[in-house]
Each structure stands twice: as C-alpha cells, then as structure tokens.
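The values are calculated or read from the model by the stated rules, or taken from the named source; none is laboratory data. Remember, it's a predicted structure, so these values are computed and weren't measured experimentally. Reconstructed Cβ throughout: ideal geometry from the backbone, glycine too, with neighbour counts over all protein chains shown. To get the accessible areas, we keep the full protein, side chains included, count just its heavy atoms, and leave off ligands, DNA and RNA. Shrake-Rupley method; radii C 1.70, N 1.55, O 1.52, S 1.80 Å.
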Amino acid sequence: MNVSDSPIIVEHKYKTTAPQLWEALTNLNEMHKWYFENLPAFKPFVGFTTEFIVHNEGRTFTHLWKVLTVNPLKEITYSWKFKEYKGASTSQFIIEKEDGENVNLKLVINILDDFPEGIPEFKLESCLAGWNYFLKQRLKEFLE
C-alpha cells in the first residue's frame, strides 16, 4: 500500500443505533468482543496512544495507534503504524445515520507513508480482506 493509492473505503449498514455502534468502536470491553482481543487500552480522546502485538505467519506486528480526531457518535480517526516496519496510515470511522433501524459505518483508510512491498499483510487485497472480516462479519455479528 502506497501514498499514491486511492483511499481504501469499506462500508456496511448495521441494524443498530448510532450510540451502540459508537460504543462498539470506542469502548475497550466492546472492542475486545469483535476487534482485537489483546488491545490493552483504548480511550476515545485526541492524543490517546496504545500499542499491542499481533503475530502472523512468523512475523510480529506491533501496532502503534494514536487517536487524532473524535466527534462523539459521528467519527473517530486514529493513526496506524507498526514498530517493525515503515509505513503509516489513518483509519477514519464515520457513523452515518440511515433511518430509524439502520446505521451506516464508513471506514476510510489513507496511506500517509508507503508500506514495504513483499509483505503479504501490506497488500491491498489483504487490507480489504481484513477490514471486510472485521466490519462485515465480526462487528455485524456482535451488533446484530
């Protein structure tokens, strides 16, 4: 994934409320149920940082997050880097109210610094597959 790539966008509608979706995205106990079980801490306020390790196929990925923007019940953005690899991105979660029964979540990922080539996890297909799994399967099952 490179700076020259278009933003990566994943969207899904949920049968829930904006407050319930916000809690799933920002409350540590809720995040453990659908997102990263080993996330040690998370608080939805600008400047908050956290880190945690994910191992995959013999590789270590120390995730480094920093919350950049917070607009409660509407949007949260955090930077996403890895201690072991160059590259940086932002993940912006936007809650869009649809109607009385549905809420749309739009995830926009912007690449700020090129990720290394030759590592499967940094390919566009892997990124899309991971986010589709988290948002369209895990989060959907959790909320509905």
query = Quick check, is PHE52 assigned to a strand (DSSP E or B) and either surrounded by fewer than 12 Cβ atoms within 10 Å (Cβ to Cβ) or aromatic (Phe, Trp, Tyr) (or both)?
reply = yes
query = With respect to PRO40, is the statement that it is farther than 21 Å from GLY87 by Cβ, loosely packed, with under 13 Cβ neighbours inside 10 Å and either more than 16 Å from the chain's Cα centre (by Cα) or at pLDDT 95 or above (or both) true?
reply = yes
remark   = Expected single match for assigned to a helix (DSSP H, G or I) and hydrophobic (A, V, I, L, M, F, W, C) among TRP80, TRP131, TRP65 is TRP131
Among the candidates GLU117, GLU96, residue that is touching a Lys or Arg at 6+ places or on another chain (Cβ under 8 Å) and without any contact (Cβ under 8 Å) to a residue 24 or more places away in the chain = GLU96
request  = State whether one or more residues within segment 64-87 are over 12 Å from the mean Cα position of the chain (by Cα), of a type in the set (Gly, Ala, Ser) and open to solvent by less than 10 Å² (accessible area, probe 1.4 Å).
outcome  = yes
key: Residues satisfying the stated conditions in segment 25-35, i.e. in contact with a strand residue (DSSP E or B) (Cβ under 8 Å, 6 or more places away or on another chain) and either closer than 15 Å to LYS81 by Cβ or of a type in the set (A, V, I, L, M) (or both)   = LEU25
key: Qualifying residues in segment 1-29 (those that are in a helix (DSSP H, G or I) and without any contact (Cβ under 8 Å) to a residue 12 or more places away in the chain) - the one most open to solvent (accessible area, probe 1.4 Å)   = ASN29
inquiry  = Quick check on segment 90-99. Is at least one of its residues at pLDDT below 95, in a strand (DSSP E or B) and not charged (D, E, K, R)?
reply    = no
key: Members of segment 88-108 that are open to solvent by less than 10 Å² (accessible area, probe 1.4 Å) and touching a helix residue (DSSP H, G or I) at 6+ places or on another chain (Cβ under 7 Å)   = PHE93, VAL103, LEU105, LEU107
